[in-house]
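One structure is given below, encoded as structure tokens.
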Amino acid sequence: MSQIHQGQDGENSLEFNATHPQIGAEVLAEPAQTAQPPDGAPAMRAFRPGPLIRESAGLSQNLDAHPYGHFNGDGTEFIITNPDAPRALDNFLWNDACFSIVQHTGVGCFDFQPGDKEAIQLLTGIGRTCDFDVFGRDHLMSRLVYIRDNDTGTFWNLNWEPVCRPSEKFECRQGLGYTILTNKTEGIEASFRIFIPPGSDPVELWDLQLKNCRSSARNLSVFVYVQFQFAFKWGFNSYGDSIYREAHFNREQNAVVASKHPFCRPHDFLTGFLASDQPVVAFDGSRDAFVGTYRTLKDPAAVQRGRCSNTPGSADATVGALQFDFLIEPGARKPLTLVLGATDHESKVASFREHYLGHTDAYFAQLAAQNAALVATNRVKTPDPLFDRMVNVWIKQGASYGSRWGRWGWNGYRDIVQHGLGVSALNPARTRAILLEALRHQFSTGLAVRGWNPVDEKPYSDSALWLVFTLCAYLKETGDLALLDEQVPYYGGDVSASVLDHVRTALDFLVKNKGVHGLILIKFGDWNDSLTGVGKEGRGESVWLSIAYAEAMREMAALMGHLSQAHAQADYTRRRDAIAAAINTHAWDGQWYRRCYDDDAQPIGSRENRFASIFMEPQCWALIAGIASPERASQLIDACDRLLLTELGYMLLSPPYTELDPSVGRLSSMEPGIAENGTVYTHLNVWMILGLLRLGKANKAYDIFKRITPCSLSGPTDPKRNASFLYSNCYYGPQHKNRRFQQEFSWITGSYAWLNTVLINEWIGAKPEYAGLRVQPCLPAAWPEASIVRTWRGATYHIQVGNPHHLEGGRVKLWVDGKPFPGNLLPAFADGKTHDVIATMLPHAESSLTPQVIKNKPAR
Ligand code: GLC
């Protein structure tokens, strides 16, 4: 349903009822202040930004200074008003069955995964992500809407591209799970809302509306176009792909239906459809028929002549092109709704039609409610609006996407397990499900597969290690210790073991697989996917993995302590000390930690090396795991700053390889400044933020946060690097030939997972432990305060932190529900109520315990 609103220019402007739902408006609105000064306590002065805020004025000014768009007021939409951006701006939409990449012009991919079967790309695109599609933009051309004025023969795209006719107005709102395009050209204002309804149907819902803004009636044809691809995402694709394809019009369902029937195939879900609620006057199922043999989508033959040819597709590039004819009176509007979907049989199209057509607003309202809940969970308020927007909205959204779809539908072990950690506070049920699924893909030896759907058994030695961090985060968040006893089968056999035993087996495997330096063997690789040559003969060792193992030992010792298993606790502590000693004896290079030893025990990531003399991974993890002495910690931070720090954050390594080194592997074969070979890798920068926070270095952590966060970029602006308004896997490195600092792989990064926990647990400092919620803020010194509404084990903790002494860390004094509280470990109230916590940061030596009440509006 739609409504007409009176626009400023006197013209009626078109809006969907639910298109601008002010998602979470009620949660985002500042509430009345609730915290009162405890009796007898002096009220804290009114909120005033401190010096660092002034220093970061550039940040605030740049908040909306993206050259091609800006955020809306509540930060839940990024609005692009100039379609001609140097690179496309992607949004990701998804539910449990499918996900889409929708660029700011509406084009992009649609993938779905039937149950636990292999994912299929239904629409377009062979590349894995839109901003890295080596086959060019033509491969992304689906969801095109052509509008043709039949009186003049003029036509354009609602999308703007590929015809690229200048429009009077263009707007794309990239929101939480939806994209809305508006385009006004030739007096026709048209809107296009694209979203995926919550749930587990592999469908996209499209609501289009056209409004005639001129004073005479308009005779229009609308052509809606998708290209059906049917590519198995990661594995099986059949020989002579096109000979199995067909597309036809199903009159009864008013839909174009396409399918692929290869002789052998992993599963049956190979039917796609595009169904509409308005009469289709003509269709094409063949790209050749729609476009014309020597033409392109810029001037397709069918649109040019004003008529589809009703040509079915067969052994062809199968497309779905539907033509609608509308006569629109002055000021009138015409709605058009479509459902795009995937199924295993054409007979099921009817039920999708029935379910969705005519009900799209109701499904959009469901999505809006889901978004409001997301935005309301663990909401922070700080002096930095960019920090708040990222933490409250987009980091959660990115973390949620990752926790369902990992790497574009391929759930690689380490990635999805880290994403499980990332949503442990947001969606602990999902974390639990990820853990159990991951454990089912662990071998009884302790090693795990690299990924599943389809399964990849390459022996990456780090896979199972991630279980420890995610399991412990989940237990601390929920207290669900029963999970530890749940029986889960190992992969590929009949043997089962408890969750706890699975994790122990993983760690025992690592400790049994050490090399000549007493460090853990890298085998096919570790977190750094591309170090594939280091251990190919089985002797190469990983310093990073050894450090991460040390941190896992620390986690396990704490867990054993909580379970009162003193013997096991002592054992894990001993194992941690042993590996830490080996690292500090054999892996210190003088000013930083080395990265690996190859099969011939030669160091990688050492000043002895011509290329990659320093890697980031061991440095940030040495801080996280606390294995570096204070002196080494400060030396390695200096080295990182000197050798790796760029204006956008730390590079993964330096200098990049320019020639192949078989003892390093795939990494050395990449162009300098690409992927692992010397980009600014977001994930590593987030780990560095964590490491710095663990040292109490919040000012420096804040500096790194600002460098890596899009739209906070200051200095000379290269619009290309601002391609996404969100975090990407990396920025191309400064040594790259022509894409210096451009983003690569928007949305696809494990950074969201860590940002979502680190910024809440360790920065704002509302950190779950087994026995309580630890309040331990680590704020930039100039932040006078920060607050969070944190839900934890069945209660809400409204924590307001005051930082009157402008500290980065230190002691904290608490008042809880108006009374002084000893220590800083809050109990699990578990009473469904909200508890007001006032935390004052104090220098270690100070004894005065003046409580402070924050005067600015709290974060609920
Ligand atoms: C990619 C992979 C991830 C890996 C990282 C570093 O993001 O998906 O698993 O850890 O690269 O190599």
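The values are calculated or read from the model by the stated rules, or taken from the named source; none is laboratory data. Values in this document were obtained by computation on a predicted structure and should not be read as measured data. Ideal geometry is used to build each Cβ from the backbone, glycine not excepted, and the neighbour counts take in all protein chains shown. Each accessible area value is taken on the protein alone, full model and side chains, heavy atoms only, with ligands, DNA and RNA left out. Shrake-Rupley method; radii C 1.70, N 1.55, O 1.52, S 1.80 Å.
If you restrict to DSSP beta bridges whose two residues both lie in the chain, what percentage is antiparallel, to the nearest 5? That works out to approximately 95 percent antiparallel. Phi angles of region 74-88 translate, via the Karplus equation with coefficients 6.51, -1.76, 1.60 and θ = phi - 60°, into HN-Hα couplings of 8, x, 8, 9, 10, 10, 9, 10, 10, x, 7, 5, x, 9, 6 Hz per residue; Gly and Pro are given as x. Shown are Lys184, Lys514, Lys298, Lys260, whose ranking by accessible area with a 1.4 Å probe and every protein chain present, most to least, is Lys298, Lys514, Lys184, Lys260. Between the C-alpha center of region 790-817 and that of region 360-428 there is a gap of 24 Å.
If we count every other residue with Cβ under 12 angstrom of Asn761's Cβ, Lys/Arg +1 and Asp/Glu -1, where does the sum land?
+2
Global dimensions of region 371-444 from alpha-carbon coordinates: Rg and Dmax equal 13.9, 50 Å. Cross-link partners for Lys260 among the lysines, with Cα-Cα distance under 20 Å and sequence neighbours closer than 8 places in the same chain left out: Lys117, Lys233, Lys348.
Taking every alpha-carbon pair under 8 Å whose residues sit at least 6 apart, region 428-581 reaches a relative contact order of 20 percent. Cα-based values for region 605-658, radius of gyration first and Dmax second, are 11.2, 35 Å. Here the alpha carbons of region 549-668 define both size measures, Rg and Dmax, at 16.5, 53 Å. Net charge of the neighbourhood of Gly492, taken over other residues with C-beta under 13 Å away and scored Lys/Arg +1, Asp/Glu -1, is -1.
Taking a span of 27 Å or more along the helix axis (Cα atoms) and a mean Kyte-Doolittle hydropathy of at least -1.0 as the rule, the DSSP H helices of the chain that qualify are 543-562, 566-586. Helix content alone sets the calculated 222 nm mean residue ellipticity of the chain: runs of n ≥ 4 DSSP H residues at -39500 (n - 2.57) each, divided across all residues, give -7000 deg cm²/dmol. In the chain, the alpha-carbon atoms span a convex hull of 166 Å³ per residue. Partners of Lys813 within straight-line reach, counting lysines whose Cα lies under 19 Å from its Cα and excluding those fewer than 8 residues away in the same chain: Lys767, Lys855. Here's the list of lysines a cross-link from Lys169 could span, going by alpha-carbon distance under 28 Å and ignoring same-chain residues fewer than 8 apart: Lys184, Lys211, Lys298, Lys334, Lys720.
Distance from the Cα centroid of region 613-635 to that of region 140-208 is 50 Å (rounded to whole angstrom). For region 591-661, averaging the sequence separation of C-alpha pairs within contact (under 8 Å, six or more residues apart) and dividing by the residue count gives a relative contact order of 33 percent. Once C-alpha pairs closer than 8 Å and six or more residues apart are averaged by separation and normalised to the residue number of the chain, the relative contact order reads 12 percent.
For every other residue with a beta carbon closer than 15 angstrom to the beta carbon of His359, add +1 if it is Lys or Arg and -1 if Asp or Glu, then tell me the sum. Charge balance in the 15 Å sphere: -4.
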